[in-house]
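FYI, it's all coordinate maths here, none of it is from the lab. Bear in mind the structure is a predicted one, so any value in this text is a computation, not a measurement. Cβ placement follows ideal geometry from the backbone for every residue including glycine, while neighbour counts extend to all protein chains displayed.
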Amino acid sequence: NAGVTQTPKFQVLKTGQSMTLQCAQDMNHEYMSWYRQDPGMGLRLIHYSVGAGITDQGEVPNGYNVSRSTTEDFPLRLLSAAPSQTSVYFCASSQRAGLNQPQHFGDGTRLSIL
Amino acid sequence: GQQLNQSPQSMFIQEGEDVSMNCTSSSIFNTWLWYKQDPGEGPVLLIALYKAGELTSNGRLTAQFGITRKDSFLNISASIPSDVGIYFCAGRPPGGSEKLVFGKGTKLTVNP
């Protein structure tokens, strides 16, 4: 049982490049989400999904796309990277939407945009 | 939008001392969660609180869900060097949403 797995762990991009951050969970969790963590800012919600085929925007969605074609995977796409997207990105999951279950986090992807 | 004010921002203590940190908000929350983040890793859940007034312990950690539903505190007793890290509070607002609102964290340093 690997929990929440994020890849890659580190990435450097040039401005304007595109990239997909991968997130997979093997716990059959319905709810998955993406956060970004910036110094002194805590974690801010980017996008979330309450189940396969359903996604919605969080607090800071601009510049990011998501899809949820399977229960296990929830990739985050940067279509045209900008320096402001330099951050640490965390994926999280919880058992079922609406059951008030705590979220479990991956180890993060450290992304630098030059 | 809803915000959580977490304090203090940082703490420097001696090993063996007790620690207290808290989160407050002008909005009510249905759930309070406390996470710890070690360097280079994701946040790990320490304690989850689901009812106003609830007091829950996990080893040397104790957390309470404020009776007004607008605050929560976390206490760590007899701190040890491995308690070093950043502690985050998170709240789930009413309305059935799964969204979590996070505080900005308390960075704890323990001097041996």
- Query: region A:18-74 to region B:1-69: how many Å between their Cα centroids?
  - Reply: 24 Å
- From phi via Karplus (6.51, -1.76, 1.60), per-residue ³J(HN,Hα) for region A:22-39 in Hz, x at Gly/Pro: 9, 9, 9, 10, 10, 9, 6, 6, 7, 9, 9, 8, 10, 10, 10, 10, 10, x
- Note on the structure: If the chain between B:Gln3 and B:Ser77 were fully extended at 0.36 nm per residue, the gain over the current Cα-Cα distance would be 23.9 nm
- Query: How big is the charge dipole of the protein assembly as shown about its Cα centre, in debye rounded to the nearest 20, if each Lys and Arg gets +1 on its Cβ and each Asp and Glu gets -1 on its Cβ?
  - Reply: 480 debye
- Note on the structure: Checked region A:49-100 with the C-alpha gyration tensor, a ≥ b ≥ c its square-rooted eigenvalues, rounded below a/c of 1.5, otherwise prolate if a/b is larger than b/c and oblate if not; verdict prolate
- Using the charge dipole of chain A (Lys, Arg: +1 at Cβ; Asp, Glu: -1 at Cβ; taken about the Cα centre), state which of A:Ser18, A:Ser69, A:Ser49 has its Cα farthest towards the positive end. A:Ser18
- Message: Student exercise: in the protein assembly as shown, how many lysine pairs 8 or more apart or on different chains have Cα atoms under 24 Å apart?
- Response: 15
- Task: Provide A:Tyr31, B:Tyr50 in ascending order of the number of other Cβ atoms located within 10 Å of each residue's Cβ, fewest first.
- Result: B:Tyr50, A:Tyr31
- Calculated on alpha-carbon atoms, Rg and Dmax of chain A in Å: 13.2, 41
- Message: Show me the three semi-axes of the equivalent ellipsoid for the protein assembly as shown, from the C-alpha gyration tensor (sqrt of 5 times each eigenvalue), largest first, rounded to whole Å.
- Response: 29, 21, 16
- Query: Taking amide hydrogens as modeled 1.01 Å from N in the peptide plane, which residues meet the under 5 Å criterion relative to A:Ala82, leaving out close sequence neighbours?
  - Reply: A:Gly16
- Query: Can you work out ³J(HN,Hα) from phi for every residue in region B:102-108, in order, using Karplus 6.51 cos²θ - 1.76 cosθ + 1.60 and θ = phi - 60°, giving whole Hz and x for Gly and Pro?
  - Reply: 9, x, 8, x, 10, 8, 9
- Query: How long are the three semi-axes of the equivalent ellipsoid of region B:19-112, in whole Å, if each is the root of 5 times an eigenvalue of the C-alpha gyration tensor, listed from largest down?
  - Reply: 23, 14, 10
- Item | About the Cα centre, charge dipole magnitude for region B:1-98 (Lys/Arg +1, Asp/Glu -1 at Cβ), debye | 420 debye
- For region B:41-56, Karplus couplings with θ = phi - 60° (6.51, -1.76, 1.60), whole Hz, Gly/Pro x: 10, x, x, 10, 5, 9, 9, 10, 10, 10, 9, 4, x, 5, 10, 10
- Along the charge dipole of region B:36-100, which of B:Ile47, B:Ser82, B:Pro93 sits closest to the positive end, that is, farthest toward it, with unit charges on the beta carbon of Lys, Arg, Asp and Glu (+1, +1, -1, -1)? B:Pro93
